[in-house]
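Visitor: Let me begin by handing over the structure; questions about it come next.
The values are calculated or read from the model by the stated rules, or taken from the named source; none is laboratory data. Quick caveat: nothing in here was measured; it's all calculated off a predicted structure. Cβ atoms come from the backbone with ideal geometry, glycine included; neighbour counts cover every protein chain shown.
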Amino acid sequence: MATRFSTLGRYPNTRMRRNRREDWSRRLVAETKLSVDDLIWPVFVQEGRNERTPVVSMPGVDRLTVDLFVEAVKEARDLGIPAVAIFPETDPEAKTPDAREAYNPDNLVCRAIRAAKTAVSGIGIVCDVALDPFNSDGHDGIVRDGIILNDESVEALIKQAIVQTEAGADVQAPSDMMDGRIGAIRKALDDKGYQHAQIMSYAAKYASGFYNPFRDAIGSSGALKGDKKTYQMDPANSDEALREVGFDIEEGADMVMVKPGLPYLDIVRRVKDAFGVPTYAYQVSGEYAMLRGACDRGWLDWNKVLLETLGSFKRAGCDGILTYGAVDAARLLKAK
């Protein structure tokens, strides 16, 4: 069967290498452009002052106290990165089965947001909406008798989204995968007069093996009881992702996300083709650790594989990428 490429030319009249011969020509015909505008930098915060704590399972990534977080936000802004995403390591003493620290208006996240917004302008702050950093069970929702409760969890998530918006966060990013939470959060924000607040939904978040270093970073790995398969998606499913994304758009999501990234770029492509909405993916902790660990051992070149993998996200249809390599990527892109 003829394809749309079958009549486009034959060797030797057509030589595909002609356009690859010179750098200027390769740039001229490039189909995908990665820029600093495509980057969101996830940053971990911790209690204390003027301290940074390395995340052992994520080489090159540190938890930062609020004062250093503010400096990190300034650095990101100065590099042209459009937004940072904030994730807390919560004091174990503040973790409870009802995760009420999540909606304490003076919790670590809210204090970090206020400090950054006071000191830095011209950059967005994306805020996770999920209970796992605050839940003594390590789950994204409230657990009772081993069951993750959907509607009770949504009520807590609403409160969390409100206090984070009040603190100054620009984007609420529900990552919990509870049913109906996007519509409930959208209504609650609107009722409070926050019609301007954006929602970036983790619409297709899979029950992946690539999250473990992140759980180390926020201190939830030791607390997690069981797994998250009753609310995060089955990695075997693709059509289900389109249903999840469709529901979230209908409920008021401004942007949607697929998580993890590299193992699910087929989902990104399907989502972008089906809905045409702003679509993001998260190069998650395990993906980052896998690449960075190999690079630290000299097996790969970090600068090359970082931009190559981020380019694959763009090629698949991403409008932006959450990556722990955002600062490194921004510097590399500016140096080009």
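Visitor: Checking Ala156 against (1) closer than 16 Å to Met257 by Cα; (2) touching a residue at least 40 places away in the same chain (Cβ under 8 Å); (3) hydrophobic (A, V, I, L, M, F, W, C), which single condition isn't satisfied?
Guide: Ala156 satisfies all of (1) closer than 16 Å to Met257 by Cα; (2) touching a residue at least 40 places away in the same chain (Cβ under 8 Å); (3) hydrophobic (A, V, I, L, M, F, W, C) except (1).
Visitor: If you don't mind, another one. When you check Asp176 against the structure, is it in contact with a strand residue (DSSP E or B) (Cβ under 9 Å, 6 or more places away or on another chain), surrounded by fewer than 19 Cβ atoms within 10 Å (Cβ to Cβ), of a type in the set (Asp, Glu) and at pLDDT 95 or above, yes or no?
Guide: No; evaluated as a whole, the condition is false for this residue.
Visitor: Something else about it: Is there a residue in the range 110-131 that is more than 27 Å from Ala330 (Cα to Cα), modelled with pLDDT of 95 or more and outside any helix (DSSP H, G or I)?
Guide: Yes: one or more hits.
Visitor: Pairs please, first residue from the range 168-182 and at positive phi, second anywhere and of a type in the set (Val, Ile, Thr), Cβ atoms under 9 Å, 6+ apart in sequence or on different chains.
Guide: Gly168/Ile113; Gly168/Thr118; Gly168/Ile125; Gly180/Val154
Visitor: Could I ask something else about it? Does any residue in the range 135-151 that is over 14 Å from Pro174 (Cα atoms) come within less than 7 Å, Cβ to Cβ, of a residue that is charged (D, E, K, R) and outside any loop (DSSP other than H, G, I, E, B) six or more places away or on a different chain, and which pairs are these?
Guide: Filtered contacts from the range 135-151: Ile142/Glu152.
Visitor: What about Leu189, is it at pLDDT 95 or above, in contact with a strand residue (DSSP E or B) (Cβ under 8 Å, 6 or more places away or on another chain) and closer than 21 Å to Gly222 by Cα?
Guide: Judged against the criteria, Leu189 is not a match.
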